[in-house]
Amino acid sequence: MASPSSLLLPIGASGKSLCGTHQGVSCDKFRGLVPRCSNLEAGLRVSRTIGCDYKAKLSLMKRRDMIGLVFGASTLLLDSYDANGAGLPQEEKPKLCDENCEKELENVPMMTTESGLQYKDIKVGTGPSPPVGFQVAANYVAMVPSGQIFDSSLEKGLPYLFRVGSGQVIKGLDEGILSMKVGGKRRLYIPGPLAFPKGLISAPGRPRVPPSSPVVFDVSLEYIPGLEIDED
């Protein structure tokens, strides 16, 4: 069985061969944890002992530095994983309303419906409005009131298809799209009772939505499949 002191030696070193044996010099493991060198000539004894002590300590320092480097790297990886898990945004997400749009929106009057839904028209469409039960194709960017995005059809690359007024989406979105026209773009300020009753859990890069909390949707009504525009 290896003695406890041998665990402190550099990897690959044995108790008898730290210094080597040439020119009359030999190295023996003494009582302590640090090996000492002896020399047949008394005048070289001190210098050889210092040399062995220095090599042993230097080797131990290198091993400790390597352990510290590995530990530091693993800590950085864990911190990066925790940052992603905390829902911190990693990159700029596509939006339906850019900075210029945001400035213009400040001067647009706010409309309020009987249900408490509020909205501002970013752009008024020129096409038809969707009848209840018809399928519509719409792009949307869903945000918490602070502006953090928690869902978006733009990230998926395709408009979202659903039957408007049929309860397939939250009440505020259903109501907000019913009064839009094809080609229009609108910001919906949806109160808690018309949003997500059970809330939404957080995900990497996406914030949590508490139950029945207000949300904001930017919506563009792209087209209504099967509904032709009367050009007469």
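What follows draws every value from the coordinates through simple rules; no lab data is involved. What you are looking at is a predicted structure, and each value in this text was computed from that prediction instead of being measured. Quick reminder, even Gly has a Cβ in these numbers, built from the backbone with ideal geometry, and neighbours come from all protein chains shown.
Multiply the residue gap between residue 208 and residue 126 by 0.36 nm, knock off their C-alpha separation, and tell me the result in nm, one decimal place.
That works out to 25.9 nm of additional length.
Quick one: 3J(HN,Hα) in Hz for segment 171-176, Karplus 6.51/-1.76/1.60 with θ = phi - 60°, rounded, Gly and Pro as x.
Listing the rounded values in order: 4, x, 6, 4, 5, x Hz.
Listed highest first by mean packing, meaning other Cβ atoms within 10 Å per residue, what order do 100-107, 174-181, 131-138 come in? Could you put the intermediate results ahead of the total?
Numbers: 100-107: 10.9, 174-181: 20.1, 131-138: 16.2.
The densest-packed peptide leads the list: 174-181, 131-138, 100-107.
How much net charge surrounds residue 178 when only the other residues with a Cβ under 12 Å from the Cβ of residue 178 are counted, with Lys and Arg +1 and Asp and Glu -1?
+2
What number, in percent, do you get for the relative contact order of segment 115-223 if the mean sequence gap of Cα pairs under 8 Å and at least 6 apart is divided by its residue count?
36
Rounded to whole Hz and in sequence order, give me ³J(HN,Hα) for segment 202-216 from the Karplus expression 6.51 cos²θ - 1.76 cosθ + 1.60, θ = phi - 60°, writing x for Gly and Pro.
6, 8, x, x, 10, x, 7, 10, x, x, 6, 9, x, 9, 10
Tell me which trypsin sites (Lys or Arg not before Pro) from segment 184-221 have a DSSP coil assignment and no more than 14 other beta carbons within 10 Å of their own.
For trypsin sites (Lys or Arg not before Pro) across segment 184-221 that sit outside H, G, I, E and B with at most 14 neighbouring Cβ atoms in 10 Å, the list reads 198, 208.
Could you size up the charge dipole of segment 115-223 around its Cα centre, putting +1 on the beta carbon of Lys and Arg and -1 on that of Asp and Glu, and report it in debye to the nearest 20?
Working: 12 positive and 7 negative charges, 18 e Å.
So the magnitude is around 80 debye.
Tell me the label-point distance for the pair residue 115, residue 227, using the 7 Å Cα-to-Cβ offset, in nm and rounded to one decimal.
1.6
Using a basic spin-label model with each label point 7 Å from the Cα along Cα→Cβ, how many nm lie between residue 105 and residue 135?
Result: 3.0 nm between the two label points.
For a quick check: with amide H placed at 1.01 Å from N, whose amide H comes under 5 Å from residue 122's, ignoring anything fewer than 5 positions away on the same chain?
Answer set, sorted by chain and number: 185, 186, 187.
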